[in-house]
Each structure stands twice: as C-alpha cells, then as structure tokens.
Amino acid sequence: MIRATACPAVGAVVVTWQPDGQFGKRLARVREQVDQVFVVDNASTGAAIDTLRQATQPAELLQNPANLGVAAAFNRGIAAALAAGFELALLLDQDSWPDDDMVVQLCHEWQAAGAQHPGVLGAGFNDNGRRKTSEPAAVNGSEPVDWVITSGSLIDTRLWQQLGGFRDDFFIDFVDTEYCQRVRQSGHAVLRTRAILMQHSIGAHTSHCILGHVTHTSNHSADRRYYITRNFMVMMRESGRFPFGLWVLRGMWASVKSIRRILLHESGKADKLFAILQGWRDGMTGRMGKRGKTSIACPDQHIARF
C-alpha cells in the first residue's frame, strides 16, 4: 500500500448494494491505500453477487441477510475494523472514486489537526463535475465544518464506539449529519480537507433554467425522499432548537421546497410526493427503521444507490 510517513494503520469499510461492473476497479484503488478492507453487503442479488465475489477476497466480504441500511452496514464494518485493531477507519460508498493518494492526504491532515481532537475528517470531493466541496487544486489543510458525508470520511473507531455508532434506525440519509452532530457535542472536531480527494455523486443531479434562474434537483428515488423527509424531521424534533413544536414547521418548509422541484423538474412525481407525506407522518410520530411499503398503485421504488 501507499503509506505516508508515520501514518497510522487504516481499515477501509465499504458498503454495497447491487454494485455495478466497475466496482472492482474502485475497490482495487482503495485496497492499494489501506491495510485491510471490509466490504459489507446489504443482501445484493443476481449479477451483483458475481461482481462482489470477483472483486473481493474471501476475508473481506461481510454479507448481511437483508438490506439493513447504510447505518447498520457501516456499524458492522467499523466494529470489524475495531476488533482487528484499527484506530482509524475509512468509510466509503460503493460508487466513490478515491484519488490515488486520498488516504495519504487524509492521514496527513488528521495528524496535522491533532490539537483539535478530530473525530471525523471528510475528504473534499467533486460531485459529478457539478459541485465542489473544496478547492479544485491540491491545497493543504482542513477546515471545521458542521458535518461531512460518510463516504470518504476518516473516523476514530474508539470514539465511534463511545458514541454508540451510527443510528441504525435512520437506515439511510442524515446518518452522517446526525453522527457528526454527536461528535461535535463530545468535544471533538469535524473537519473536511480543502483539497478535492474523491469523485462522488449525490443523487442524479440535473440543472434547469427558468426565466434566467438556474435550479438544481437531485432526482432521488421515492424511498430516498421518504428517508430524507423523515430523518430531517426527527433531527429537528430532537435538536431542542425549536420550542412549541416549531420543528414541525421547519421540517415541512424544507419539504415544500423539495416538492416544488419535484413538481417542476422530476419524474415519478406521485410516488415521491406520497413518500414525502409518509416521511412527515413518521417523522412526527417517531416511526423509525426501514420504510413500510404501503404505497399508491405504482411499482415499489428501491434504493438504487448508497
């Protein structure tokens, strides 16, 4: 592997569900940079199983009996990394493309930020050529942020254990935001590199121009719209920042903006609007875990990517 001077041992945790044919190439790039890889699969089927078997080594693959969600899968992988003695774990989605020196750069920035007691260090990334979270050139340093996406983040496994891990009941969406909030509350820093170290797409963004105003929309599936809505509502409710039930209005306003974009620009409008309504209901009543498949007369939507 490529290792920086005095870089601590790093175990990578990669969560998969129905990975594509390029997964092996991405995993090989990860494997070159870390000491051990733990691939946690959420019950992939069909050709994806062959892809996983070809891409992974026998000791790397941990298979869940069902799709347990991103949070539970990452928790299983991090627990395995911690049991193997890794104090640092690199978390990755199945479709992220890390730069060749991503882990070296993350380790360097982690060590440089030692006085800030980092708990999470995220990699700056280019979102499918549309959104850049950091500088376009390789620049040094990292900066404090409220949260980072799970993929491309380096985490302290012992702190993860102390904080109780990711919230399994969130399933997917806001898993990273909620965890980073607890990291900061514990007195540790959440940082992100200023350099772009990874290519990663969030949703399937499209841009639309109406009367000279450009609007971006993510085209998330109905399932993802449900989890985004519900988990945001839960975070607003639990934050303590909105007295007299005003968290309900804050959550609904965020969803209204999403509904507007869906109605104007996205397909599958009926399923997505129904999913948002379900998310409102469950977020307010505290129903957590995997989305129930009560639906209107349309084919079930499945989570297409993590």
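Things to note:
- Calculated from backbone phi, Karplus (6.51, -1.76, 1.60) coupling profile of segment 102-112 in Hz, x at Gly/Pro: 4, 5, 4, 5, 5, 4, 4, 5, 4, 5, 5
- Proxy reagent accessibility, fewest Cβ within 10 Å first, across Glu32, Glu266: Glu32, Glu266
- Mean Cβ count within 10 Å, highest first, over the residues of peptides 147-154, 61-68: 147-154, 61-68
- Per the Kirkwood formula applied to alpha carbons, segment 1-69 shows a radius of gyration over Rh ratio, Rg over Rh, of 1.02.
- Computed E for Asp50/Asp100 - FRET, C-beta separation, R0 22 angstrom, nearest 0.05: 0.20
- Neighbour counts of other Cβ atoms within 10 Å put Phe23, Phe125, Phe171 in the fewest-to-most order Phe23, Phe171, Phe125.
- Ranked list, fewest to most other Cβ atoms within 10 Å of each Cβ, for Val145, Val34: Val145, Val34
Each reported figure results from applying straightforward, stated rules to the coordinates on display, with no laboratory input. Keep in mind it's a predicted model, so treat the numbers as computed, not measured. Neighbour counts are summed over all protein chains in view; Cβ atoms, including those assigned to glycine, are modelled from backbone coordinates with ideal geometry.
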